[in-house]
Every structure is written in C-alpha cells, then in structure tokens.
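Notes follow the structure.
The values are calculated or read from the model by the stated rules, or taken from the named source; none is laboratory data. Keep in mind that what you see is a predicted model, and the values were worked out from it rather than measured. So basically every Cβ, Gly included, is an ideal-geometry build from the backbone, and we count neighbours across all protein chains shown. Each accessible area value is taken on the protein alone, full model and side chains, heavy atoms only, with ligands, DNA and RNA left out. Shrake-Rupley method; radii C 1.70, N 1.55, O 1.52, S 1.80 Å.
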Amino acid sequence: MKYIASDSGSGIASVYVQKPGSSSFVSYTNGSQLTVQGKYKFKAYDKAGNVTSTIHEITLDLTAPVGQLKAGGVNVANGSYTSKPFSYTATDAVGIAICQYKKPNSSEWLTYTQGTNISGTEGWYYFKATDTAGNVSAESKIFYDVSKPDLYLIGGPIGGSGVVQTSGAVVNSECIRATAVDTGSGIASFRVWGDNYSSAVAYTSGTELTKEGRYYFDATNKAGIS
C-alpha cells in the first residue's frame, strides 16, 4: 500500500504518516510502500504551507477471515460429519463483507447469513467469507447425514455367497456374516456381540462367524447415526 499526495499549485512540500499503534505523525516519503497491517493516517503540506483539508485514513489488511463451523451449537472441525443442524461464522479484524455457501452437488456460491442453521439436503456443504479488504478465507466444509446405514445379515456356506436373512432369523447354515453400507457419510464403526462375547467388539464387514449362538450387530456412520 502507498499514499500519494499531489498539489497543482505550489507543489507538495512534505507528507506525514501516523502508523498503526502510534499517536504521532512522522515524516513519510510520498508514494513509498507500507507493509505493516493496521490503520494509517496521512496529511500533506504544500510549498505555500497549506495542509490537507482532511486527514486521510486507510487500513491495510492482508489477513484473510477465519471461519468456524458449528453443529448442534458446538464448534466442530473443518471436514466434520454431522446429523445435527449446522452453521458457519467468520471473524476478521476489519470486518466481514460477505459470507457464502455451496449446497451439495452444486457449483454455485450463494449468499449466506452467518450463524444461520442449515438442515435438509444431505451431502457436503462448503463455506467461505470475504472481508472488507477483499481477502477471502479458506473454504470450510461439513457433511450432513441423517440416514441410517443399511445392515445385511447373510447365512450360507463357508466361502459361499449365502442368503440375506431378516433380523431375528434362525438359520442352520455353516456360517453367518454381516455387511454394512452407508452411501452418505460412510461407516465409522461396526460391532458384534451376543452369546459368544462378553461385550461388544469391533467387527469387520463380511467376517464369517461359525459358532452357534445369538449374534447382534450394529453399524454407525460418520455422522453418528446407527
């Protein structure tokens, strides 16, 4: 940033600047670059001793806004998954000019009122903010998912394809196994418990179980829905 004073009459004699954090004016070389962020004030004198009628003020801001996502009213990290209504806010030293967001499967940036809760369409949402100096924040994103994973129980021969069973079924097959599918946020955890377990343990989708007894399964997606 630089300040240039001109005078069509007698010409510029001197220019002064009050730098950020200072209460006094110091001599300034007309047109020289300034790189420290903050508020500057300028005044100039011509060769006849006239001073600028108003002190010129300008704020140099090179720092982009910082965005924050919330889900259910709690701060969450960029790239999070949630099943709760979510929102976005941005902060900046000189002020936010505009916030924008993109809906799932859209390339269009829409104006967004920061702090407004969003819910409804599942998928990735993207946010960004621009400050009054034109600096643009890094994009923030969050995945909204309120659908349960699909869980399939299969009974059949070891190493075979098997048959999908309903929950509560009793089968005499060589083994049983389970698979979980979530086309939204994806599977975060898959567990099994029952007669052959003292407590629930992690289960790898498709693992064949051959011991007699009752088996229970549950799967949870990355948004916390099971």
Report the dimensions of region 42-123 along its three principal axes from the alpha-carbon atoms, largest first, rounded to Å. 70, 26, 18
Taking R0 as 30 Å, what's the FRET efficiency between Ser23 and Leu62 from their Cβ-Cβ distance, rounded to 0.05? 0.80
May I ask for log10 I(q)/I(0) of the chain at q = 0.13 Å⁻¹, from a Debye sum over the Cα atoms as equal point scatterers with solvent left out? -0.87
Cα-based Rg and Dmax for region 116-226, where Dmax is the largest Cα-Cα distance (Å): 20.2, 71
Could you sort out which of Lys128/Lys222; Lys102/Lys148; Lys2/Lys128; Lys102/Lys128 sit more than 20 Å apart by Cα distance in this structure? Lys128/Lys222; Lys102/Lys148; Lys2/Lys128
On a full-extension model of 0.36 nm per residue, what is the gain between Ile98 and Glu139, subtracting their alpha-carbon distance, rounded to one decimal in nm? 13.4 nm
Taking loop as defined by DSSP and a crowding limit of 11 other beta carbons within 10 Å, which GluC sites (Glu not before Pro) in region 94-163 fit? Glu108
Solvent-accessible area of Ile58, probe 1.4 Å, all protein chains present, reported in Å² to the nearest ten, please. 80
Extending each Cα 7 Å along its Cβ direction at Trp193 and Ser32, get the distance between those two points in nm, one decimal. 7.3
Inverse of <1/r> over all distinct C-alpha pairs of region 1-53, i.e. the Kirkwood Rh in Å, gives 11.5
Net length gained if the chain between Asp218 and Ser14 were fully extended (0.36 nm per residue, minus Cα distance): 65.7 nm
For region 106-155, treating each Cα as an identical point scatterer without solvent, what Debye log10 I(q)/I(0) comes out at q = 0.14, 0.19, 0.24, 0.26 1/Å? -0.52, -0.79, -1.08, -1.19
How much length, in nm to one decimal, is gained on full extension between Lys84 and Asp7, taken as 0.36 nm per residue of separation minus their Cα-Cα distance? 21.6 nm
Between Ser53 and Glu108, with labels modelled 7 Å along Cα→Cβ, what's the label distance in nm to one decimal, could you check? 4.7
Can you give the net charge of the other residues whose Cβ lies under 12 Å from the Cβ of Gly155, counting K and R as +1 and D and E as -1? -1
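Mean separation of Cα pairs under 8 Å and 6+ residues apart, divided by the residue count of the chain: what relative contact order is that in percent?
14
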